[in-house]
1. Let me have the 222 nm mean residue ellipticity of the chain computed from DSSP H runs of 4+ only, each contributing -39500 (n - 2.57), with the sum over all residues rounded to the nearest 500.
2. Can you tell which of Pro214, Gly661, Val694 lies farthest toward the positive end of the dipole of the chain, using +1 and -1 charges on the Cβ of basic and acidic side chains (Lys, Arg; Asp, Glu)?
3. What is the dipole size for the chain, taken about its Cα centre, with +1 at each Lys and Arg Cβ and -1 at each Asp and Glu Cβ, in debye to the nearest 20?
4. Just the number, please: percent antiparallel of the DSSP beta bridges in the chain, rounded to the nearest 5.
5. From the cross-link list Lys574/Lys788; Lys366/Lys781; Lys484/Lys546; Lys546/Lys781, which pairs have alpha carbons spaced over 28 Å apart?
6. The list (1) 32.2; (2) 29.5; (3) 34.9 gives values of Kirkwood radius over Cα pairs in Å, and only one came from this structure; which label was calculated from it?
7. What is the angle, in °, between the Cα long axis of helix 258-269 and the longest principal axis of the Cα atoms in the chain? Nearest 10 is fine, range 0 to 90.
8. 7 Å from Cα along Cα→Cβ at both Thr75 and Glu148: what's the point-to-point distance in nm?
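The values are calculated or read from the model by the stated rules, or taken from the named source; none is laboratory data. Being a predicted model, the structure only gives us computed values, none of them experimental. We place every Cβ from the backbone using ideal geometry, glycine too, and count neighbours over all the protein chains shown. Quick note on the areas: whole protein, heavy atoms, side chains included, nothing else; ligands and nucleic acids left out. Shrake-Rupley method; radii C 1.70, N 1.55, O 1.52, S 1.80 Å.
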Amino acid sequence: MKFFAPVLSILLLACVALAQAPLGSRLSVLDSIVDEAIAQHQIPGAVLIVGHDKQIVYRKAYGNRTLVPRLEPMTLDTIFDCASLTKVVATTTSLMQLWEQGKFRMSDPVAKYIPEFAQNGKQDITIRQLLVHYSGLTEDLDLTKAWEGKSTGYRMAFEIAPEQSPGSGFKYSDINFIALGALVERLSGESLDDYTAKHVFGPLGMKETRFLPPAAWRPRIAPTEDDENHHLLRGVVHDPSARRMGGVAGHAGMFSTADDLAAFAQALLDGGRGILTSATIAKMTAPQQPVNATVLRGFGWDIDSPFSTNRGELLPVGSFGHTGFTGTSLWIDPSTNTFIVLLTNAVHINALPGSEKGSAVSLRTKVATAVASALALDPSQAEKMRLWAITGYNEMQSAARKLAARNGTVKTGIDVLEETHFAALQPGTASRPRHIGLLTNQTGLDSADRRTIDVLASAPGVSLDAIFSPEHGANGNLDTTDVKNAKDARTGVAIYSVYGASDAARRPRPDVLQRLDAIVIDLADAGARFYTYETTLGYFLEAAGKAGVEVIVLDRPNPVTGSFVQGPLSDEGKESFTNYFPEPPRHGMTMGELATMFNRERHLGAKLNVVEMTGWQRGDWFDSTGLAWVNPSPNLRNLTAATLYPGVALVEGTNVSVGRGTDTPFEVVGAPWIRSGELAGYLNERSISGVRFVPVTFTPFSGTHAGTLCQGVNIVLLDRNTLDSPELGIEMASALYKLFPSDFKLDRMADLLVNQSVFEAIRAGQDPRRIADDWREALEKFVGLREKYLLYK
């Protein structure tokens with residue numbers, strides 16, 4: 001240990017010294033990385049540009065752009081065959097411009113605009129599926145046959161049959177973007193090269209970016225090599241399909257310089273600079289793949305997939321980019337305001353006799369990792385450096401997690417209220433206290449396990465005059481449709497039930513409200529639209545607005561995180577006790593955020609004050625909050641059940657048991673008429689992300705099919721972060737209706753689903769993945785609305 005301490009000190013001093021060095025000098029490590037790739041004959045040369053905080057912080061040319069017939073040094077103004085960067089820079093950008101103009105919807109079938117595309121089972125393939133590579137089409141056109149011409153290439157793309165079921169899985173395909181290039185031309189009335197020159201490259205000043213480079217550019221073009229005939233190609237597109245189509249195609253054919261691509265990347269970081277709006281860029285570069293998928297793709301752009309080598313080891317998911325087969329790549333990270341342009345002509349290595357196949361794959365990873373490391377070595381990261389020196393690199397992440405757990409325990413609204421000496425209640429005096437009511441249940445506890453009831457009953461300057469209990473009663477143990485009034489045994493305060501069989505019985509009594517100055521609400525929600533506590537919250541806001549009574553919401557975590565917004569939006573005008581506001585089943589909001597949205601969007605006029613939590617972040621699952629789990633209702637007994645609930649509960653209103661009356665409610669689904677092996681096999685074949693299904697039998701002792709042996713499935717939660725629980729519910733309903741049409745009572749699902757078009761699509765037997773595509777647009781509008789009311793960013 002005597003030796004180890006000085007070593008740690010030396011490491012710490014070295015880290016601090018490196019952190020204080022200018023970014024440009026920290027990036028000098030890139031030279032050895034690129035030079036090594038050249039020495040190992042992975043690439044002949046490269047041009048590398050790194051941009052950070054609106055400045056070019058590294059810009060350098062390496063090696064040679066030609067090896068045969070003679071050596072020719074690489075220069076900064078070298079023009080490269082960008083290969084598949086064409087997909088994102090040219091084709092995707094053009095399509096998003098046309099989308100902004102309202103020329104199409106992402107969920108539209110391609111055949112709506114290109115009727116001949118409908119051949120051979122492609123009539124339902126959507127524009128979205130082409131953009132995210134979930135169309136099921138094969139990788140490329142048939143190159144074993146002799147053919148020439150753009151029209152022939154289009155005809156072949158339109159005639160081809162899907163290789164796998166559309167929407168079922170990720171399959172990277174050039175044909176997707178050949179068809180999308182055709183779509184740009186159909187929608188705009190211009191050829192793809194003319195459109196991009198006028199509307200993309202020109203407005204951004206990309207003067208050396210275009211399809212079909214002129215002869216004058218030839219001396220500066222980095223040559224590639226023709227895989228088919230081993231001819232040197234210079235100024236002629238390398239991709240054989242694009243070459244046969246005349247050099248202009250949606251998937252390949254664009255030539256550009258590193259400087260031009262840097263200008264394009266900076267334009268995206270700057271919000272579009274007139275070619276796209278910032279909202280469109282955000283949409284385009286956010287995950288847009290089917291909700292059951294683990295491969296993350298934006299519209300055109302790669303986010304996290306087997307092709308994301310140029311993201312490196314450290315750049316976060318949330319950044320985006322693309323690569324090109326010739327050796328080109330572009331990666332953009334909005335979180336650090338950074339981009340990396342790495343252009344090589346790696347395929348030119350093939351022109352060397354006896355040379356192994358050139359590749360820039362490992363180089364991309366090393367470059368991106370080195371850039372991210374240099375950015376991380378900033379003086380503001382001193383604590384990270386100290387942790388590294390003390391614990392070693394391999395233990396740094398573990399130490400950081402422990403540090404976060406120690407310092408980041410969530411304090412709920414009631415704890416914050418106590419810490420601020422009840423300031424939000426505006427306490428009076430002992431002789432003239434402020435009269436309050438409290439809507440709560442067993443979940444209303446502070447960090448010392450004291451009931452919110454008791455805390456407020458003993459608060460100075462406050463008189464707790466009424467307690468209101470929602471569904472399941474003040475103790476949360478009642479599972480009846482009519483909860484009675486009572487009296488709190490400890491404080492003697494009257495408890496008024498707001499859960500009964502009639503609408504009036506579910507609202508606070510006006511005569512009780514008249515005696516109050518404010519109502520405090522402290523309820524733990526389940527994070528699902530049809531959980532009745534949310535509607536009770538809305539009813540109290542309505543009543544308080546009319547009575548002129550203040551509402552104070554003591555906020556609590558959404559147990560299934562505030563980062564996922566999933567499922568079909570409920571129909572406007574279909575309000576009920578399980579649908580207070582048009583929301584998706586999983587809304588990703590807290591009770592405080594919902595209250596703010598309800599109050600403003602419904603114009604309820606309540607004087608609302610939300611006592612916010614501290615330490616809670618939107619991505620926190622309940623088990624990362626440091627809080628003790630308290631069942632919000634009798635059958636939500638753990639976080640697994642709560643995670644599955646927004647989906648499994650969608651079928652609860654039908655004639656299946658969802659495990660009420662068993663030890664695992666919402667983790668099993670069954671009925672006497674289900675064949676468990678058949679249902680489990682069918683659902684597992686659907687490859688629903690995040691879950692697997694095991695055949696089970698069980699006998700519920702309450703609820704649907706009480707006392708009757710049921711066959712069904714146990715839902716095994718494998719990955720809660722990839723599960724779309726509402727789509728799980730749609731998948732289960734579709735499976736039950738498909739396999740057991742004479743037994744399953746689908747009609748009973750409509751009241752809880754509250755989306756007529758989705759219900760009709762299930763009844764019509766549509767694929768649930770196609771149904772999910774159809775509800776995305778409305779869901780995205782809700783996400784935009786929701787954004788205005790988020791208290792925790």
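1. Details: 25 runs with 251 residues, N = 793.
Per the formula, -9500 deg cm²/dmol.
2. Pro214
3. That gives a dipole near 840 debye.
4. On the way: 58 of 82 bridges.
For the chain, the DSSP antiparallel bridge percentage is about 70.
5. Working: Lys574/Lys788 24 Å; Lys366/Lys781 39 Å; Lys484/Lys546 25 Å; Lys546/Lys781 30 Å.
Distance filter (> 28 Å) returns Lys366/Lys781; Lys546/Lys781.
6. (2)
7. Between the helix axis and the principal axis of the chain, the angle is about 10 degrees.
8. 3.3
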